[in-house]
Amino acid sequence: MAQAGVETEPKFQKCWHYFDKIQKYFVEVALFFFFLSRHMTLPLFQEYVSEEIHKQHHVKFLEMALEMNQANLSMSIKEAEHDSALSILGLQIAEGLPAVITVIILGAVSDRTGRRRIMLWLPCLGSVLYCLIYVLLMYTGWNLDGLFMASAFRGLSGSMTAFLAGATYFGINSVKPHERVSRLAIQEFLNGGAYAIANIMVGFWVKDSGFLEPYWFALICSMIALLISYFLIQEIPQSRDSPNRRRDTGNCLKDTFTPIMKYFKCGQNKPLIKIWLATLAFQSYALVHIGQENTMVMFLGGQKYLHKTHLEVTGLSVSIGVFLSVIMVVAALATALTPALFKRFLSDTTIIILGFLSKALGTLWIAVVQNETVLYFAILLLAFELLPFPMLRSLVSRDIAPADQGSLFALMHCGESLIFFLGPLMFTAIYAGTLHYYRATVLIVSIILLVLPVSFTLGLKFLAYKKPEDYEPMEESQAESNIGGEQRIETREPSEFSSLANEPISFIQLGANSTSTA
């Protein structure tokens, strides 16, 4: 019996060893299920709200409504479409505005306490409540005003911006510095793959069985992401003398939010200037990408050469939806596979500009072609459109200590909450205002707006000119403090070396005792 116990113990330890190896990748599993639910609910809620409001205005499907008086039909449709647009925009605002504030608070609190999982499981909990309220509304027939409560819950939980900030932190600090871009590229691949799968599923599923079953599926995906985030993802240990752990003035608000304010005191601090240039490039490109994404269906739906394959599915074209999903799948695959290859020959900023160029060429191709077969070549031209996102996240984290990265990624992603309803609103207004002059004007404008992220990236390239990208020279005062720091490191326990191994060669510490100049 004793011998059997001895044999069982090594097997148990071996299984635990394998589990420990793969545990750091549970973040990506949770990310896939979270965004599969998120990308499903985005078109679902728009379709559901539009259908319910059209019912309130007694507007039937087109083939049944043709029997009605044409003037009355036109007026009813216009009123229904107007109310639908206002309701959808209101729901997006009810989620987006609270998320901007929540993600900053979560980032600051996670830095203060060292508990990063809250940026993962809290958005998942908000997604669960969001889907649950929609399911209950369909079963009970309550007033649609309850949907604003669902959006508010998801916004107050941090929404997708908080989850992205948390996933970026875990992805960067779970691997060695030279592996960060590849890890973030995998996350971008899973996000893009979830987008493609969700949009294809929604189109066919709603046609066959209505809205209830897709919302149940989205609820289950959110539950899976919540359970993985809360129970299976472990916190990344920090060193005991982390600047955040030493910061204690007795004022909780001051101790928590002071590091965030120091990001706005750039002065002559080159690393902070680089961080803001990368953040602005990220946000301006996200504005173009998200805004264009929401007008592409309307643009392609109005092209006469696509009408013969235009199949209506509760207001969405299956053929166009599949086309856009294939674009996203190819872009996601390219983002996951090419960064490691490109980094052998190109700098990070050059790879980012390559992504902008891919976006511009693919968009221009879609704008000018007038043949369905030729249109599919845009899939290849847009293959690198997602590359700037992981590359810019990696650049931003390069010169900041892990203890301060929660606030950093919160600031970087909080603007996305605004962009997710301001971007579509701005691009839709441009499309509607220029529709009668030149339908592709909105795509041309998006290409012109790419000048903004390109300019910020060129600024990054200028700052990195003739200097290694992974190294920032330290001032004498910094060097002296590091000399004393080496003696402190010698007294640390072995377990603390693992948390320091992933830190960059030099970084800014935004704590109260930071030596960086403001």
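So which residues in segment 325-347 are closer than 10 Å to L387 by Cα and either at pLDDT 90 or above or part of a helix (DSSP H, G or I) (or both), if there are any at all? Quick ask: steps written out before the conclusion?
Applying the first criterion (closer than 10 Å to L387 by Cα) to segment 325-347 yields 331-332, 334-336, 338-339.
Hits for segment 325-347 are A331, A332, A334, T335, A336, P339.
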If a residue must be part of a helix (DSSP H, G or I), over 14 Å from the mean Cα position of the chain (by Cα) and of a type in the set (G, A, S), how many such residues does segment 153-193 contain? 2
Out of all the residues in segment 370-387, which are surrounded by fewer than 17 Cβ atoms within 10 Å (Cβ to Cβ) and hydrophobic (A, V, I, L, M, F, W, C)? V374, F377, L380
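Filter segment 416-437 for residues that are within 18 Å of S159 (Cα to Cα), at pLDDT 75 or above and hydrophobic (A, V, I, L, M, F, W, C); which is farthest from the chain's Cα centre (by Cα)? If you could, list the steps in order and put the result at the bottom.
The initial filter retains those residues of segment 416-437 that are within 18 Å of S159 (Cα to Cα), namely 416-424.
From the residues that got through so far, the ones that are at pLDDT 75 or above too are 418-420, 422-424.
Now restrict to residues that are hydrophobic (A, V, I, L, M, F, W, C): 418-420, 422.
On the way: L418: 13, I419: 11, F420: 10, L422: 16 Å.
For segment 416-437, the residue satisfying everything is L422.
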What are the pairs, 6+ residues apart or on separate chains, where a residue within segment 181-203 that is within 19 Å of I320 (Cβ to Cβ) has its Cβ under 8 Å from a residue that is open to solvent by 10 Å² or more (accessible area, probe 1.4 Å) and among the small types (G, A, S)? N199/G321; I200/G321; G203/G321
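The values are calculated or read from the model by the stated rules, or taken from the named source; none is laboratory data. What you are looking at is a predicted structure, and each value in this text was computed from that prediction instead of being measured. All Cβ positions, glycine included, derive from the backbone under ideal geometry; neighbour counts span all protein chains shown. When the accessible area is computed, the model is the full protein with side chains, heavy atoms only, and any ligands, DNA or RNA have been set aside. Shrake-Rupley method; radii C 1.70, N 1.55, O 1.52, S 1.80 Å.
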